[in-house]
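Coordinate-derived values only; no laboratory data. All of these numbers come straight from a predicted model, not from anything done at the bench. For neighbour counting, all protein chains shown are included, and Cβ atoms are generated from backbone atoms with ideal geometry for every residue, glycine included.
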Amino acid sequence: MTNSPASPPDATPLDSGGRKLFAGARIRRIRSSRGLTQTRMANDLGVSVSYLNLIERDQRPLSAAFLLKLAGSYDLDLKSLTGGDGSDIAEELVRVFTDPRLIGIDVPRAELRELAARSPGVAQALLRLAASTPASPATEERPGPLDAVVRMIGEAGNHFHALDLAAEALADELRQSGPDLNAAVVERLRIRHAITVRAMPVEVLPGALRKLDLHARQLQLSESLDAASRGFAAAVQLALIELKSVIADTIAGHGISDPLAVRAATVALGKYAASAILMPYARFLAACEAVGYDVELLQARFGRGLEQVAHRLTTLARPGARGIPFFFLRIDRAGTISKSFAPAASPIPLRGGCALWALYSAFDHPGEVRRQLVEMEDGHRYLTIARTVRPVAAPWGSPRAEFAIGLGCDARHAAALVWSAGLDLNGPAAPIGPGCTACHRAACRQRGLPPAGAHLAFDERQRGLTPFRFTED
């Protein structure tokens, strides 16, 4: 029997991430595909069986000498052994593991990267299973043009730098006409663009809040809008005219080309620009910091609606001049989310509602700002406020639209907020979640449904805090 030489020197190549290269699973697949025992492969490569065993169990990195001998002995391409660390597969796995059906199973990104790198076959099998499994309603993407707009806002972190700068420059020009930006916008439309702004009776505009009549050179606004909303609507029209090229460049920069999606994105960015015109970045951020982000004072100072101020707070991500990162959402009484914005992925799950969050009981306290310290299952805390809003007036006897808006930020920023006064940020917090079917708090008295995928247990001799007893395995 041939004596095996000592293990080769540890001249270890590095993978694409600058780490020592481990490839035990790949070596095992090569050996198995050729029907080789560890003893036979060790002899072929001139290493000890124990050394090969350590490599296959990822307890030793691959050395340069070992790689060269392996490639020469079995006619392999070195790139197949050293190329790629599975990062693309790992990112796909990360997306799979964000499925609401897997909430409660915490798999760190590092583990997914390790799985992709060391066991790419297993990783590919998981991806294929995920792709072939019908998505639950909660995971289905928004259809058509709305999906493109959501993607654009997410990619930008809800801050469009070039558009914000252009809007701020336009606001500086408008202020030369006087301090009232609403009046300055209306005057600019009349003088520069020959468009007159008119408030129209509800019966004249029965199905619209804003309409540009180019034949009459009129921007017609419904009388059902309050003063702040009329000013905002006029600013949207001005932005669509004067910032048209910046808006178009922004949309193109996010790869949106479908005509309907382009129009949807244009509407969204027109509103963003209007907000940036009426609440110019530098002035608005300075005011926020001066009043501790008091939303009602900011309303009064800028002559805006509460929802407009809350939305603007989520856009303060200018490099070198960032505000506190807020998330924002709007719901109706049924809990349907009609708006949601955040400078990054929302820390509060938006796919389901939790009755313990004050946002969902805001309708019982109309017009009242309600603050609440909340805590998610992972222990992260957020300071939130909620209040009802009514966007437009309505004729007597007709249904009146009513919404509640929620605004919040990570509790580590709470000391800078006026809302935190007198609140013990380390004290008790409301234990909220992403909805019963995705929440795994076993003792929640508000629970109405069991978590999806949990193993249920029933006992006719006792009844717990909820009708559902469940385990995770």
Let me make sure I get this right: for region 144-278, a, b and c are the square roots of the gyration tensor eigenvalues over alpha carbons, sorted descending. Under 1.5 in a/c it's rounded, otherwise prolate if a/b > b/c, else oblate. Which is it? oblate
Using alpha-carbon positions, what is the distance between the centroids of region 398-473 and region 213-265, in Å? 39
Ala393-Glu187 FRET efficiency (beta carbon distance; Förster radius 25 Å; 0.05 resolution): 0.45
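Figure the gain on full extension for Gln218 and Ala401 (residue separation times 0.36 nm, minus the Cα-Cα span) and round it to one decimal in nm.
Contour length minus Cα-Cα distance gives 63.2 nm.
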Can you figure out the FRET efficiency of Arg283 with Phe458, using R₀ = 56 Å and their beta-carbon distance, to the nearest 0.05? 0.40
Quick calc: nm separation of the 7 Å Cα→Cβ label points for Ser48 and Asp378 -> 4.5
On a full-extension model of 0.36 nm per residue, what is the gain between Arg198 and Ser32, subtracting their alpha-carbon distance, rounded to one decimal in nm? 51.8 nm
Residues with amide H under 5 Å of Arg469's amide H, sequence separation 5 or more or different chain, H placed in the peptide plane at 1.01 Å from N; which? Ala457
Between Lys244 and Val122, how high is the FRET efficiency from 1/(1 + (r/R0)^6) when r is the Cβ-Cβ distance and R₀ = 56 Å? Nearest 0.05. 0.65
Please work out the Cα center distance from region 280-294 to region 350-390, rounded to the nearest Å. 23
Using only the Cα atoms of region 349-473, build the gyration tensor, take square roots of its eigenvalues as a ≥ b ≥ c, and label the shape rounded, prolate or oblate: rounded if a/c is under 1.5, else prolate if a/b is larger than b/c, else oblate. oblate
Please list, ordered by chain and number, the residues whose modelled amide H lies under 5 Å from the amide H of Gln218; skip anything fewer than 5 residues away on the same chain. Thr196, Asp213
For 270-276, 354-360, ranked highest to lowest by mean beta-carbon neighbours within 10 Å, the order is 270-276, 354-360
What list of ³J(HN,Hα) couplings, whole Hz, do you get for region 247-260 from phi and the Karplus terms 6.51, -1.76, 1.60, once you set θ to phi - 60° and write x for glycine and proline? 4, 4, 5, 5, 5, 4, x, 9, x, 8, 10, 4, x, 5
